[in-house]
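For reference, the structure is listed below as structure tokens.
The values are calculated or read from the model by the stated rules, or taken from the named source; none is laboratory data. Small disclaimer: the values here were computed from a predicted structure and weren't measured. Cβ placement follows ideal geometry from the backbone for every residue including glycine, while neighbour counts extend to all protein chains displayed.
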Amino acid sequence: MKRTRRAFVCLGLALLLLTCAAAAQKVHEEYTKKIREATTDPAFTTKYVNFLPAAAGIPSPLEVLGHIAGAPDILSYSADVYKYFRALAQASPRVRLFTVGKTEEGRDWVVAAVSDEKTVRDLDAYKSVTARLADPRTLTDAEAQALIKRGKIFYWATGGMHSSETGSVEMLMELAYRLAVDESPFIRTIRENAIVLITPILEPDGRDKYVDVAMAPRKDPKTTITNRLLWWGKYVAHDNNRDNIGLGLALSRNIMKVALDYHPQVMHDLHESASHLYISTGGGPYNAWLDPIVIDEWHQLAYQEVDGMTREGVPGVWTHAYYDGWAPNYAFYAANGHNAIGRFYETQGAGDAATRVTSASGDRQWYRPNPPLKQFVWSMRDNVNIQQSALLIGMNYVAANKDRYLENFYLKGKRSVAKARAEGPAAYVVPGGDPRPGQSAGLLRLLQAQGVEIHRADKAFKIGETEYPAGSYVVRMDQPYSRMADMLLDRQYFNINDPSPYDDVGWTLGPLFNVKTVRIEDPAVLSAPMTLVKGPVQAPGGLVRPAAGSIAAWLINNGAENALATLRFEAKGLKIAAAEKAFEAGGRKFNAGSFIIKAAENPADTDKWLDEAGRRLGLPVIGAAAVPDVPVHEAALPRIAVMHTWQNTQNEGWLRIALDANGIPYDYISVHAVRDNAALRGKYDVILFGPSSPDALSIVAGVGGDKPAAWKKTPITPNLGTEDATDDLRGGLEFEGVIHLRDFIKSGGLFVTLGNSSALPLQFGLAGGMSVKPTRALWARGGVFKAEVTDKTSPLVYGYDDTLGVYFSQAPVIGFGSGMGGGYPMPGTQATGRPSGRGAASDADVVQGRPKDMGQKSLEEFRKAQKDAPPAEGPRGGGAAAGPRPRTIIRFAGSAADLLISGGLAGGEELAGTPALIDAPLGEGHTILFAFNPAWRHETQGSYALLFNALLNYKNLGPAPASAPASK
Ligand SMILES: [Zn+2]
């Protein structure tokens, strides 16, 4: 207590002194008074932020918004935050504001630049200095040194990524003001050597929804608006910062635009979920594709701030641990992957801006010698104080050492260019003659969006014994952003004995896009004749006329390319058939599932339309003089619904991205809509249920509570209800909903479940004879696994090869039979590893008194038969539903040794050979269950066609009639 009082006295004295030194700069008295009132304890402030300087004619947040940054019980909407930044930019020649783009819901997405007047005036010149340093191929070291001397550091601070982490948005307004007006040497150092970029809100859609939810009970104590933040952005919630690989979200694309336009040397993302301030470095394993220099820089900066804050007497500021530093899916990899420094804070959360007693966890550790307080009063202003102070310390340090960090930026770029001939590889090649040119173009466009250059071979070239045809694409590793390309295209190996990973451990994009990529170490590849692709890589497409005669039909191959479904849904007026078997026409081969569009059945302008659409979508349209003689069925245009729960909408958001990105229309409905509609079949043909919960009962039971909980637009919540709305989100699918789904399927509907949502049909009788298999030893966290097509007659795998790479994370593992035990290990069984017994950990167990290979012979024969003669085995007895058996269309690779493509794996025997994609007929319809997730973070674009095949062929999912007896 004594310490507290004395500190406040000191604070007062400091204020007096500053006031006395008014000749230097006046203090904003009213603002400063409010800062002090809102700070709960001197432990939670520093000399850097316990006052605000005044500047004539420059408004602080108090003048524009009527409150200070971090005022209790106040959260600012994005419009207010932008209003403040506009006012500041208008008043101060040291600040400019740029609109970079829009959000999915149409809000502005901005970046502000703050520096001294002259620098801000010459911003473009400074941008071009760092742009030149970013590409060392065009510079001598002497030229680079001159640029380093002339250049300034771009330090980019970003807030408001996670909508429930609210303090950064308020803080960044004050930071911009302070940087613009404070004349102290400490701040002048930043202004003179750095250009501070500020994006106050990375996810403005989610910010406004959160402010609605948090402020509603303050505006109307009787409000029924729920305090659950169901949607943040349009698509995803908390995982919105894990999209830097797939770039599926507008915010990720906007971030990349700023990263490639300004080349910030530091990107610093502000989060709020640790006590009191965690500064990123991580505990490893660190991403193995980064230059070690960047990892050293993480530590240098983190320790500057830990030290600076500790010297100020702030407890609980620490680094190391918390996360690993392995996956490049984080937003700040827009910096790490581009020779800059990506980092983040986790400050004690400000949440709904209420001041309350808070407790923290986190004991004294080697990496945290000064642990957080156990219990304390915490306010929004405390959060603003702490993150602003540390950020200023970091910015000041980097600014004071700007030559060194600019030189490192240049050096890392240089080492990235040298990579091709030093550590390698020299290049990745996407060989010409690719069966899926549209998929490979999509993958290469994604790399281009990451700033990676793509070349195209002018002639065939040979590396070792392999010849690559002209037209092969080459991703050279002697370019500045080679490391980003390498970490996305290479395979990952994660040792499962490392600390538990924070997120995915494998993400290799070749297999996930169903595109062959070849890693080449021989630098000879760099000398192959090739040309830089200017503009986005585009697959060839458009109409190819027959050598002679008029066109009887247009043919489009099904190569499991996403564009095929896009074309089908665009061509609403066309009658299109899908071939049920492979065929040849005009010397070309067409896979089963290829489109046959008869001239006689379609309008006269079809020719012209298909040519245009084929060019735009990268699909060759082959004009044939005769209609191929092959059995067909209609390529359907189903009425689609995507079902969401009222518990969580995050992971199904990636499914909506897959559909939206490919132009596939759907209704977005809740479990309540299914519960309340006994005639679903009248409205929909296909219902998709994205990943939700592995606990099927929780989907049925839904949200509890004793009062109505609404999610809707009201005068005090104008930002809610955009995606879906309800007066009361309590309750789930209910048993009525299960029955409605069953009736929907039985009357010819298709129900598709992704990943853990497959527990619902398994446990509620919509896919009889199978169950979720308990696993005891399996370690298969988010990675890429090999899967094998076991039933080539199914339309689901039209266009696919025999194997593919799929994203899978730990569960569900599906098995035939009733699955006794439901996932609970038997008493006494070990969670991991082999049973205790003879030999070493890697040896097989030996049971005494029986042959080692007991049962193996029949198992192998059975598996072989299963592979050779689909359809696969089905359930027997055990209460299985009457009717046709479920068919395994794809299974996980049959041998544990083959299973892992990228990531980590142990106990793979439990996953090997299990069903990965199942077609379970029921009545006139089907349930399709994915054990893996075909729609994950826009990274799994090679699995999308499995879903799209299901949509276009929903009425004809049985095996092709001539290949096997129909299953009905
Ligand atoms: Zn966060």
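General remarks:
- Within segment 411-434, restricting attention to residues that are out of contact with any Ser or Thr (no Cβ under 6 Å at 6 or more places or on another chain) and of a type in the set (A, V, I, L, M), the residue that is surrounded by the fewest Cβ atoms within 10 Å (Cβ to Cβ) is 422.
- In this entry, residue 860 passes the filter for residues that are surrounded by fewer than 19 Cβ atoms within 10 Å (Cβ to Cβ), modelled with pLDDT under 95 and over 30 Å from residue 240 (Cα atoms).
- Leading residue by the ranking (nearest to residue 314 (Cα to Cα)) among those in segment 241-263 that are within 14 Å of the ligand (Cβ to nearest atom) and out of contact with any Ser or Thr (no Cβ under 8 Å at 6 or more places or on another chain): 241
- Of all residues in segment 219-240, those satisfying the criterion of being away from the ligand (no atom under 14 Å from the Cβ) and hydrophobic (A, V, I, L, M, F, W, C) are 225, 230, 231.
- Within segment 377-422, the set of residues being farther than 21 Å from residue 278 by Cβ and touching a strand residue (DSSP E or B) at 6+ places or on another chain (Cβ under 8 Å) comprises 399, 402, 405, 406, 420.
- Selected residue (criterion: nearest to residue 347 (Cα to Cα)) from residues of segment 141-178 that are surrounded by fewer than 23 Cβ atoms within 10 Å (Cβ to Cβ) and of a type in the set (S, T, N, Q): 164
- Wholly enclosed strands (runs of 3 or more DSSP E) of segment 332-448 bearing at least 1 residues at pLDDT 95 or above and of a type in the set (Asp, Glu): 341-347
- Output for segment 353-376, where each listed residue is in contact with a Lys or Arg (Cβ under 9 Å, 6 or more places away or on another chain) and either of a type outside the set (A, V, I, L, M, F, W, C) or crowded, with 20+ Cβ neighbours inside 10 Å (or both): 355, 359, 361, 362, 370, 371
- Annotation note: Cβ proximity below 6 Å between a residue of segment 264-291 that is in contact (Cβ under 8 Å) with a residue 24 or more places away in the chain and more than 13 Å from the ligand (Cβ to nearest atom) and a residue that is assigned to a loop (DSSP other than H, G, I, E, B) and of a type in the set (S, T, N, Q) (sequence gap 6+ or interchain) occurs for 275/348; 276/348.
- When we screen 551, 496 for residues that are over 27 Å from residue 323 (Cα atoms) and over 20 Å from the mean Cα position of the chain (by Cα), the only hit is 551.
- Members of segment 566-597 that are more than 34 Å from the chain's Cα centre (by Cα) and among the aliphatic types (A, V, I, L, M): 574, 576, 577, 579, 582, 585, 596, 597
- Pair list, Cβ under 6 Å, 6 or more apart: segment 137-161 residue closer than 21 Å to residue 252 by Cβ, other residue of a type in the set (A, V, I, L, M) and part of a helix (DSSP H, G or I): 155/395; 155/398; 159/169; 159/172; 160/169
- Of all residues in segment 104-115, at least one satisfies being crowded, with 19+ Cβ neighbours inside 10 Å and over 19 Å from residue 168 (Cβ atoms).
- So residue 337, is it of a type outside the set (Phe, Trp, Tyr), more than 25 Å from residue 51 (Cα to Cα), crowded, with 24+ Cβ neighbours inside 10 Å and within 16 Å of the ligand (Cβ to nearest atom): no
- Looking across segment 316-331, the residues that are closer than 14 Å to residue 256 by Cβ and either modelled with pLDDT under 95 or more than 12 Å from the ligand (Cβ to nearest atom) (or both) come down to 328, 329.
- Sole exception among (1) more than 30 Å from the chain's Cα centre (by Cα); (2) at pLDDT 80 or above; (3) over 25 Å from residue 943 (Cα atoms) for residue 774, by number: (1)
- Yes/no for residue 750 being out of contact with any Asp or Glu (no Cβ under 8 Å at 6 or more places or on another chain) and buried (at least 22 other Cβ atoms within 10 Å of the Cβ): no
- Among the residues of segment 706-725, those identified as under 15 Å from residue 230 (Cβ atoms) and of a type in the set (A, V, I, L, M) are 709, 710, 720, 725.
- Segment 562-604, residues that are of a type in the set (Gly, Ala, Ser), at pLDDT 95 or above and more than 20 Å from residue 664 (Cα to Cα): 579, 582, 585, 592, 599, 600
- Yes/no for residue 897 being over 24 Å from residue 653 (Cα atoms), aliphatic (A, V, I, L, M) and assigned to a helix (DSSP H, G or I): yes
- Some residue of segment 145-161 being closer than 30 Å to residue 504 by Cβ, away from the ligand (no atom under 16 Å from the Cβ) and in contact with a helix residue (DSSP H, G or I) (Cβ under 6 Å, 6 or more places away or on another chain): yes
- The residues in segment 164-173 that are part of a helix (DSSP H, G or I) and either out of contact with any Pro (no Cβ under 6 Å at 6 or more places or on another chain) or within 16 Å of the ligand (Cβ to nearest atom) (or both) can be counted, and the count is 6.
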